[in-house]
Each structure stands twice: as structure tokens, then as C-alpha cells.
1. Taking region A:131-143 as the search range and keeping residues that are surrounded by 14 or more Cβ atoms within 10 Å (Cβ to Cβ) and assigned to a loop (DSSP other than H, G, I, E, B), which one is nearest to the other protein chains (Cβ to nearest Cβ)?
2. Can you find, within region B:264-277, the residue that is farthest from residue B:164 (Cα to Cα) among those that are crowded, with 18+ Cβ neighbours inside 10 Å and of a type outside the set (S, T, N, Q)?
3. Pick from region B:203-247 the residues that are among the acidic types (Asp, Glu) and surrounded by fewer than 24 Cβ atoms within 10 Å (Cβ to Cβ): which of them is nearest to the other protein chains (Cβ to nearest Cβ)?
4. Residue B:278 fails exactly one of the following numbered conditions: (1) outside any loop (DSSP other than H, G, I, E, B); (2) under 19 Å from the mean Cα position of the chain (by Cα). What is the number of that condition?
5. For the subset of region A:56-75 comprising residues that are in contact with an Asp or Glu (Cβ under 7 Å, 6 or more places away or on another chain) and closer than 24 Å to residue B:366 by Cα, which member is surrounded by the fewest Cβ atoms within 10 Å (Cβ to Cβ)?
6. Quick test for you: out of B:60, B:52, pick the one residue that is under 22 Å from the mean Cα position of the chain (by Cα), within 11 Å of chain A (Cβ to nearest Cβ) and either closer than 30 Å to residue B:256 by Cα or modelled with pLDDT of 95 or more (or both).
7. If I ask for residues that are more than 12 Å from chain A (Cβ to nearest Cβ) and either closer than 15 Å to residue B:400 by Cα or under 18 Å from the mean Cα position of the chain (by Cα) (or both), which ones from region B:354-382 would you list?
8. Return the residue satisfying two criteria in turn: it lies in region B:103-128 and is assigned to a helix (DSSP H, G or I) and of a type outside the set (A, V, I, L, M, F, W, C), and of such residues it is nearest to residue B:4 (Cα to Cα).
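The values are calculated or read from the model by the stated rules, or taken from the named source; none is laboratory data. Just so we're clear, the structure is a prediction, and the values are computed from it rather than from any experiment. We place every Cβ from the backbone using ideal geometry, glycine too, and count neighbours over all the protein chains shown.
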Amino acid sequence: MSAVTGKTWVFGDEINSDVMAPGIYFKEPMDVMASHCLEAIDPSFASNVKPGDIIVAGRAFGVGSAREQAALSFAHLNVGAILAKSYARIFYRNMLNFGVPALIFPQADEINAQDEVTVDAIAGTIENKTTGKNYAVSPIPEHLMEMISLGGLMPFLKKKIDAGELKTGAMPK
Amino acid sequence: MGETLIQKIMARASGKAAVMPGEIVTCAVDLAMILDSGGPRKIWPRLEQLGVGIYDNEKVIVVADHFVPAADPQSAAILKLTREFVKKFDIKHFYDMEGICHVVMAENGHLQPGMFCCGGDSHSTMGGAFGCYMAGFGAIEMSGVVVTGDIWSVVPETIKVDWSGAFGEGVAAKDIMLFLARELGMENAFKVVEYGGDTIRNMSMMERMVLTNMAAELGAETGLIAPDEITLEAIRAGGTEPAADALEWRSDDDATFCAEHNFDARTLVPQVAAPHKPSNSGPAEDFEKDKIHVDQAYIGACVGAKLTDLHMVASVLKGRQVKSGTRLMVAPSSKKIMREAAADGTLATITEAGGMILPSGCGACAGLGAGIIADGEVCISSTNRNFQGRMGSNDSFVYLGSPYTVAAAAVAGEIVDPRGMLS
């Protein structure tokens, strides 16, 4: 996984997973679900976010429901990285399991919307090209580094299965 | 040095003699609960992609509760796929439209003190009332769990929350949680909340489950309550004999907690959480002056429509009528609860007052089923979460209250302190 560069989208504290993935679209395909991501607080987000763009947020990002669609919507929209002051536990795990780096970034308030930012999740560095400021943050936890590098939980499990390192049941006929 | 209950559970599940908070461990999963919503329809394609099956057809439990009963073609297809998954993978425990998963686990003796359990729904924390670890995970992570039978975890620190004294009239476990959401906030990620004190010891399991359910609203990894005779009785009622060591699963007296809180239940008053978050709460009486008109009063969800909850509703509605211009909907948490409430006359009290009974399922709580609300509408609900758009329109307003408070609002047509209707 290499560094990503993109424009920032800035959100506040306690952005919950219901507004990331509204329940009323649960039965729709993922492209429809993702098109409603965060519409209650920024109706322009899902249609204007570009691949590689960076989400910047405050405290308890992703609080609430376990719905994987909250994290999957950002992955589906090809968001490059997430930088938040803190995360809700299930959302954080979901995000990493989909292979999108989510870093804890206490200085989120120093980033403005549409700044150009480069994130290196393995080195733990953030460069704000618009303001010229550089930041050192905690990188992805060591025990998850391989999973993130491979693109998430499914590629990670696939690799272990192919290597014969994982014992489980067989797919029934 | 003493250990907390969560340390003991994770040490056992990870095969270690002892673990410390902050340590990363891999735990063997004793029970993996998956649901129609984020279960088979998400997990089956991933199993196909990996070319493997599941780790244990006794330990993977399937519940159909989110899209029940099917109200449109997509829901019907999702439920059909769920049933096909159960057949294909020879799942031994399948609860098809029996009620909401967390309540069904408790009713059927699946949870024992000391177990390590994962569920594909954030309110899986509810299971912690049995003194076991049960926490919520996304479907992607549950896909991994059903393949590997294990999961990584950071051993959490524990916040100890003790309550003493008896509730006043019209106060319930739900009020504790709306109060705690305000006091402790929603940002306690990767921490466990362990509840204790004589208030909790005097609660039934159904009331205790309100506290562990809404540990999710505190942002906690899970909620825990050490087992006692009441716990063992509930396990037996579910058809399972408790393990011989069941009562040994408790925090040591000299365990280290990251925070300790003591509250007095005698001074607690009915609470209401205003839109759009559970921590936005205050005394119900403070809402009266605003005369907030209620379009819908909803009694439902895992947390808010158990038999004890329906009894609270009936105690308010007895001899009263739902106000014209307000609708009351009641979706009992499970079929078993529906049966019991029918047998003891509770449902009759609700329907005679003008309430409507809905099927047992997650339904309107998560904006999925019958009872969702429109632009500009106000709902007061016995459910656990009131985020913007949660129950339907992005422009609707959801208040949270105890079953007493929701029933009182149905009668008054506006948000009131329920204590005026219990004398």
C-alpha cells in the first residue's frame, strides 16, 4: 500500500453510521447505498467525492450501528484514507477490514475542506500540501499491517487459505 | 493483582493464564450470531470467493429478524436466501421470525457466564447481562469469524458503574442508560462497562439486558454484569443447565478499573433524549413546557419491548386512551413475549387503549419495517438510538424514553413526565 493524495472532506464530531448508510436503503445494491452516504449532513458529498479523496473528521467517527455499509460506502466511493480524532470501535474495525486506512489524527481541526493532503498509513505521515504542514501520527497497528497491505480481510484470508495456514469447514456440495 | 471479569474471559478464550488491558489477543469464538441483514446475504458470497465453508455449524447461529415479515420483494428474497444458507450449511440453531436476535439468544439458553461471543449487530452487547463477552461486529468481520472461528481483540479496560437504592415510581432501567449516555458520553470505544450495585442485583434479567444493550450507546466494547442466582435461573428457563463454575465469573475485589462511578437510583427521574443522539438527554419533566406534539409513540426493538417493558406500558394505559392525533405502535421483542403478553392480558390493555400491535422484529427502530416516519414527524420511542434519519425521513425527529414515558406521551399527545399517570 503506497501513500495516497487527495482533496479533503471535513466533518465534525460523532458522525454516526446511520447517516453514513441510512437504513431505508439497506435492501438496495451497494452503488445505490453509497450514493446516499452522508446525505443528511452534506447532500453533495457522494456525488462529488473523487477517488483518493481524504475524509477528515472529529471524535467518535462512525458511532452507532455495526452496519458494514457505513464503511463499505467509503470503500465503494474509493476514498483514499480516513483521518479522525477518534473512532467508534466497530466502524474502525470495518474500515480496516475493507482495506481503507483509518488513522487517529488529533490535529483534524487544522485541515480545511478541499485541502490537498498526502497520507502514508504505513509510515504514519500526513502532509498538508495546501498549508505546508507535516504531521507524524501512529501508523496502522502492527498486527493489522499485513492485512491492510493486502487490501483487507478477504484478500488476507484468501492468502492464508491458499498457503494452507487456515483450517475450516469445506464448502458443502 | 486482581483481574476484571473481561480479563478472565479473554484469558480463557485466548488460551492464556492471564491477560492485561491493552494486550492484543486472538480469542476462540464460542458463539457467532449472524442475521438476515448482515449475515448470509453478505457472508455467503465471501465464502464462495474464498472457496471454504464455516468453522462449526453448532456455533454459528442464524436469526432472521431485521426484514421480517417480508413487506416487499427485496425483503422476501433476503429471507429466502437466509433460509437457503441455513439448509446449505446445515446450521443447527436457526430462529426464523422468532424475535429479535439478542432477546432470542437469552430466551433459548445460548449464553453462559465466561463465554466469548460475537454478533453481527451493534446491540450484541446485550448478551453481556449473562456475564459473558458478547460484542457487535460488522458483516465483513463476521465473515472472517465464521471461517476462522477466532478474532483479534485488544483486552479492554473496565469502567465500573454501580447503582444503589430502589427506583421511584415510573423510573426504569432505560432511564439509567439515557442518564449515563449524558454522563459518560458516547465515546468509550475499546472499553467495557461493568454494572453492579444493589439496584442491578434486584433487577430481573430483562431489565439488566437494557443496561448491557445500551452499553453500545456509550460506545463501549460491551457491557457486563456478573452472574448471580437470577442469571442462573434465566439460563435454566432457556433449557440449559448452567456450568458448575458459572458464579465464579466475576471481577476480583482488588481488580483495577480505569474509572469507577457510584450513582443513587433513588434520585433518578424519568429521562428523555432529544434528537439526534442518545446523549442529548435530560429529565422528562423539563420537556413538558415545550408542549412537543407527538405524531407517533413506538414501543419496540430488542431493548424496549420485552415483557417487563410491555407491563410498564399497560400500567400507564390501563383505563386511559391514546390521544387523537397520536398513534401508538407496539412491536413485542419476540414471539415468546407476544404470547406471554397475550396470555396475561397486557396486549388487550394496549389495544383497548387504541394501540396497534406490530410483528416482532427490528422494524421501525432501524428504518427497516412497518412504522417508519415522514418529513417533519415526531416520534417518541422506547428504542435505543435516535440518530438523524434512523427511523425513516432525514427530516424527522426521534425522542427516546422508557416504556412508561413513551406510553404517557401516547396518552397526552405530547412529551410528559410519566409519573403523573401512575398514581
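1. A:140
2. So the first thing to find is which residues in region B:264-277 are crowded, with 18+ Cβ neighbours inside 10 Å, and the list is B:265, B:268, B:270-274, B:276-277.
Still in the list and also of a type outside the set (S, T, N, Q): B:265, B:268, B:270, B:272-274, B:276-277.
Values: B:265: 6, B:268: 11, B:270: 17, B:272: 22, B:273: 23, B:274: 27, B:276: 30, B:277: 27 Å.
This residue is B:276.
3. B:207
4. (1)
5. A:59
6. B:60
7. If the condition is that a residue be more than 12 Å from chain A (Cβ to nearest Cβ) and either closer than 15 Å to residue B:400 by Cα or under 18 Å from the mean Cα position of the chain (by Cα) (or both), then B:359, B:360, B:361, B:377, B:378, B:379, B:380, B:381, B:382 are the ones that fit.
8. Keep residues of region B:103-128 that are assigned to a helix (DSSP H, G or I), which gives B:103-107, B:122-128.
Now restrict to residues that are of a type outside the set (A, V, I, L, M, F, W, C): B:107, B:122-125, B:127-128.
On the way: B:107: 27, B:122: 23, B:123: 22, B:124: 20, B:125: 17, B:127: 18, B:128: 14 Å.
So, considering only residues that are assigned to a helix (DSSP H, G or I) and of a type outside the set (A, V, I, L, M, F, W, C), the one nearest to residue B:4 (Cα to Cα) is B:128.
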